[in-house]
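The next block holds one structure in the form of structure tokens; read it before the comments.
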């Protein structure tokens, strides 16, 4: 990963249609290929402190050292992705920062008054938390715990973008 820890590694958008959104991004030529994690398996997700289980799929691609994430929620359950209030096909949602000191980073944002609105873990290992930083920077910040598996996943996706020749623009993981 080219981005240093503690800096912006990802920009994310909530989309109505993941396939259409990937096509739109790919048509710009600024990112690709996309790697899709369909119906992501989340471990003990909580929205505003309450258990939830949103059915989401994500697509990840790199543009230089920054990951672009597209998120589609397939159900209407309460979550951080279904409360955007927009009918647009895509809307900016959050920036992400990776950290090896997850609890300390979460504490740092809490001291700033940025409380978690959505948190949990991914099945392969690694916690995440979205903190409400909208009053400070206009959007949420996602903290991603950088475990060896998470590092490998993002490194592989970033590597695929280097000198990408346009083949296999959508890859399912």
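Where a number appears in this text, it was derived from the coordinates with a stated rule and is not lab data. All of these numbers come straight from a predicted model, not from anything done at the bench. Because the Cβ atoms are built from the backbone with ideal geometry, glycine has one as well, and the counts that use them run over all protein chains shown.
Considering only the range 8-162, what is the antiparallel percent among its DSSP beta bridges, to the nearest 5?
Among the beta bridges of the range 8-162, antiparallel pairing accounts for roughly 75 percent.
Which semi-axis lengths, in whole Å and largest first, follow from the square roots of five times the eigenvalues of the Cα gyration tensor of the range 73-153?
22, 17, 11
Can you give the angle from 0 to 90° between the axis of helix 18-28 and the longest principal axis of the chain, with both taken from C-alpha atoms, to the nearest 10?
Result, in degrees: 60.
Using 0.36 nm per residue, how much length does the chain from residue 5 to residue 134 gain when fully extended, once their Cα-Cα distance is taken away?
44.3 nm
Connecting C-alpha atoms closer than 10 Å in a GNM of the chain, tell me which of 35, 108, 93 has the biggest fluctuation.
Top of the fluctuation ranking is 108.
Which length gain, in nm to one decimal place, applies between residue 91 and residue 171 when the Cα-Cα distance is subtracted from 0.36 nm times their residue separation?
Result for the pair: 26.5 nm of gain on full extension.
Which residue, 59, 96, 156, tops the fluctuation ranking in a GNM of the chain built on C-alpha contacts under 10 Å?
With Cα springs under 10 Å in the chain, the top fluctuation among 59, 96, 156 is at 156.
Taking just the C-alpha trace of the range 123-168, give me its Rg and Dmax in Å.
Every Cα atom of the range 123-168 included, Rg and Dmax give 14.8, 41 Å.
Apply the a/c threshold of 1.5 to the C-alpha gyration tensor of the range 40-109 and tell me whether it is rounded, prolate or oblate.
It comes out oblate by the Cα gyration axes.
Work out, step by step, the length gained on full extension between residue 63 and residue 16: first 0.36 nm times the residue separation, then minus their alpha carbon distance; give nm to one decimal.
This chain segment gains 14.7 nm when fully extended.
Nearest 500 deg cm²/dmol is fine: what mean residue ellipticity at 222 nm does the chain get from its DSSP H runs of n ≥ 4 alone, each adding -39,500 (n - 2.57), divided by its residue count?
Calculated from helices alone, the mean residue ellipticity at 222 nm is -6500 deg cm²/dmol.
Set the Förster radius R0 to 45 Å, insert the Cβ-Cβ distance between residue 78 and residue 162 as r into 1/(1 + (r/R0)^6), and round the FRET efficiency to 0.05.
0.70
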